[in-house]
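All of the numbers you see were taken from the coordinates with simple rules; none came from a lab. Here the structure is a predicted model, which means the values were calculated and not measured. When we count neighbours, we look across all protein chains shown, and the Cβ atoms used for this are built from the backbone with ideal geometry, even at glycine.
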Amino acid sequence: MAEKHKSGVSYVSSSKKCRTIILETKLEIMNRSEKGETPTEICRALDIPQVISVTILKEKVRIQEHVKGSTPMQLTVITKQHVGHIAQVEKLLIVWLEDQNQCCASVSLGIIQEKARSLYDALKKQQGKSSIAESFNASRGWFMHFKARANLHNIRVSGEAASADEEAAHAFPETLAEIIEEGGYCAW
């Protein structure tokens, strides 16, 4: 059965294409907005999606702060630098993960999140009341971004540790052998 399409609309594959907007274009969007142009007019003139211009206008202050500290106008990406406890946690977590990797110990997402939270709590206790209260919950999204920032390509995310139910794992070969005998199946 063929899909029905609205006339005049072309469909691209379902995967989103990332489009990087250079700093110069961001500044042009902000200047046009200050002159009184609407986001729709700006988007039509620059041939960009409206959501991008609206997002840039919302982030106007942060972009202007970044422009003050940068000299080249062809910068494309403004990154958020983690500071404080979260940055320290990520450094310590990288060391811990490398140690686990050398010991051939399996780690799951839950174990990594738990370790990150415990490191964060320990650092917070160490700093005492003088530390700035940052919120940190070690979510899956944080982990995926951390994994990309730290270039940890060999870590697989699994929902549960492989040895979660050790009793069932030990009993499985016997249970399988019984099933093979009772059913008259071949073991190979």
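List SER118, SER108, SER135, SER53 from most exposed to least, where exposure is judged by having the fewest other Cβ atoms within 10 Å.
Fewest to most other Cβ atoms nearby, the residues stand as SER135, SER118, SER108, SER53.
Can you put ASP121, ASP47 in order of Cβ neighbours within 10 angstrom, beginning with the fewest?
ASP47, ASP121
Which ordering of LEU119, LEU176 is given by a fewest-first count of other beta-carbon atoms within 10 Å?
Fewest-to-most ranking of LEU119, LEU176: LEU176, LEU119.
7 Å from Cα along Cα→Cβ at both ALA177 and ARG117: what's the point-to-point distance in nm?
For ALA177 paired with ARG117, the spin-label model returns 4.1 nm.
Along Cα→Cβ, 7 Å out, is where each label goes; now give me the distance between the ones at LYS91 and CYS186 in nm to one decimal.
That separation, rounded to one decimal, is 6.1 nm.
Can you tell me the alpha carbon radius of gyration of the range 85-149 divided by the globular rule-of-thumb value 2.2 N^0.38 Å?
The reported ratio for this selection is 1.13.
I need the phi-derived Karplus couplings for the range 98-113: 6.51 cos²θ - 1.76 cosθ + 1.60, θ = phi - 60°, integer Hz, Gly and Pro marked x.
5, 5, 5, 5, 5, 7, 6, 8, 7, 10, 10, 4, x, 5, 5, 5
Averaging the inverse of every distinct alpha carbon separation and then flipping it gives the Kirkwood radius. What is it for the range 23-69, in angstrom units?
With all distinct Cα pairs of the range 23-69 included, I get 10.5 Å.
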